[in-house]
Amino acid sequence: MEGKQSVLQRMKPYLGDKAFYRQVVAIALPISLQSLITIGVNMMDTIMLGRLGETALSASSLANDFINLFHICCMGMGMGASVLTSRFWGMQDKSSLRKAITIMLRLCFSIGLLFTLATIIAPEGLMRIYTGEEIIIQAGAAYFRWSIPCYWLLGFSLTCTIVLRSVGQVTLPLISSIAAFFINIFFNYMFIFGKFGAPAMGIEGAALGTLISRVFEFAFICGYFFFFDKKIGYRMKHLLMKCGDLLKDYLRISIPVLVSDALLAFGNTAVTMVTGRLGASFVSANAITMVTQRLSTVFIQGISNASSIITGHTLGKGETDKAQKQGVTFLGLGTVIGILAGGLIIAISDLVISAYNINAETQAIAQQLMMAVGVIVIFQSMNSILTKGVLRGGGDTKFLMLADILFLWVASIPLGYLAGLVWHLPAFWIYTFLKIDQFIKAVWCVFRLSSKKWIKRI
């Protein structure tokens, strides 16, 4: 009995206390709900466009893959900066905090400019990256034309959201997302199908509905951040402040994150290039699968963000031993939630697939993909906690960049290409090989956590 008690006593710091879990829930729940709403928007878009046929569904899915490339780049840049903002908030160094925000916003503007010019100049060329089917290319190009302003709108609102989260302000972005959700659904319905006197615009209507919701999000979040927030106190004048003394540290921490997430984004694009050449049925099935996958992992995304923020605050206070124990606890939470998410995906797969107006071939492919996702999501959850959360919050960004480069580009993409376009394996194995990096990274990052080498000084 004493032996059992001593084991439990030794494990207690790694299990966490009530205060720790309250803190996790307070941060993770609003973020998870916000992610859930975003996914809900994507799901409604998919269902609405699915009623127009597989061409519209495939075109919007492929066009959004390019837009998501920008989204991932902004997330990488923002989450890299959040390592600094969380740490500076823990130190209560508001001057350095504002400098990090300024650098982040300037980079966001620059990247948004590149994506805007690319979409204006060559919308059809962008679609040809993903597919050779002309009818899908033209539909996707039409979708792009309405999406051009979304880059800056999304980029700035996302950047401000990440900063607010890093200092523990998670409620306001949630309120913004809830309102944007209903705005998007209403205007999508209006313009896709031509309701309430509006023209029936089809796929272009979906893009217009999204644009209107982006305008609202930008006005709500950025308006609050620049004019009303008192916690950080960032104002428009700070955009012109000198940041040269922080630039070196910012680049050291943030650039590996940006490069890592950019490589991840390009890797996802390469994966899409493979799936796009497997036919419209595979693309449509994959679109259905991706929405379900995102829906099932919303809470792990919230915990991942919470783990990065809490780790940054803890290390900002100089409590390295506590941060290590918290990291182990977060990994355990990620594993449990991953198993639950995998079971959920498999359990609801038939119900989800039946909601879409797709042919028998697409249904069969979707069922295989659902099974593959149900297994992969376990390891994906572990990775998310470590790569996007604990290890990133500790400043171990160079290691994470190396992991993404090695496993995505050396393993997943080549094996996925061979499985799909050379070996012509069943959809289950094609998807498994395309995501094989999730298995490898899970093991590698667990060892990195246990080594304690992930805690870096800033």
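A few comments on the model shown:
- The trypsin sites (Lys or Arg not before Pro) of the range 31-96 that DSSP puts in a loop, and whose beta carbon has at most 14 other beta carbons within 10 Å, are Arg51.
- 24 Å Cα-Cα threshold exceeded, pairs from Lys325/Lys453; Lys248/Lys388; Lys99/Lys325; Lys231/Lys398; Lys388/Lys435; Lys18/Lys435: Lys99/Lys325; Lys231/Lys398; Lys18/Lys435
- The radius of gyration of the Cα set in the range 291-407, together with its Dmax, comes out at 17.1, 58 angstrom.
- Mean-position separation - Cα centroids, the range 401-446 and the range 304-334, in angstrom: 29
- Positive dipole terminus of the chain, leading residue within Ile47, Leu340, Asn383 (C-beta point charges): Asn383
- Two-site label geometry, Lys317 and Ala179: point separation in nm, points 7 Å out along Cα→Cβ: 3.4
- Test item: Cα-centred dipole of the chain, Lys/Arg +1 and Asp/Glu -1 on Cβ, debye: 2020
- Taking a ≥ b ≥ c as the square roots of the eigenvalues of the alpha carbon gyration tensor, the chain is oblate, as a/c is not under 1.5 and a/b does not beat b/c.
- Gap separating the Cα centres of the range 71-117 and the range 232-297, nearest whole Å: 13
- Our coupling estimate for the range 158-170, obtained by passing each phi through the Karplus curve with A = 6.51, B = -1.76, C = 1.60 and θ = phi - 60°, is 5, 4, 5, 4, 4, 5, 4, 5, 5, 9, x, 8, 10 Hz, Gly and Pro reported as x.
- Net lengthening on full extension, Leu344/Phe196 (0.36 nm per residue, minus Cα-Cα): 49.5 nm
- Rounded tilt (10° steps) of 2-15 against the dominant C-alpha axis of the chain: 60
- Working note: Karplus 6.51/-1.76/1.60 with θ = phi - 60° gives the range 91-102 the couplings 7, 6, 9, 6, 4, 5, 4, 5, 5, 4, 5, 4 Hz, where Gly and Pro are set to x.
- Computed from the C-beta positions of Ile47 and Trp423, the FRET efficiency with R₀ = 25 Å rounds to 0.15.
- Rounded Å value of the spacing that divides the Cα centres of the range 342-357 and the range 157-181: 30
- 222 nm mean residue ellipticity, helices alone, for the chain (DSSP H n ≥ 4; -39,500 (n - 2.57); rounded to 500): -28000 deg cm²/dmol
- Top positive-direction residue, dipole computed over the chain with Cβ charges, set Ser177, Ile121, Leu107: Leu107
- For the range 310-393, the relative contact order works out to 43 percent when only alpha carbon pairs closer than 8 Å and six or more residues apart are counted.
- Rough spin-label spacing in nm, given labels placed 7 Å along Cα→Cβ, for Leu402 and Ile135: 5.0
- One decimal place: the segment Phe186-Met273 gains 28.1 nm when fully extended, by the rule 0.36 nm per residue minus the C-alpha distance.
- Additional length obtainable on full extension of the chain from Val410 to Ala219, 0.36 nm per residue less Cα span: 64.6 nm
Values in this text are rule-based calculations from the coordinates and carry no lab data. Values in this document were obtained by computation on a predicted structure and should not be read as measured data. Here the Cβ is made from the backbone with ideal geometry for all residues, glycine too, and neighbour counts use every protein chain on show.
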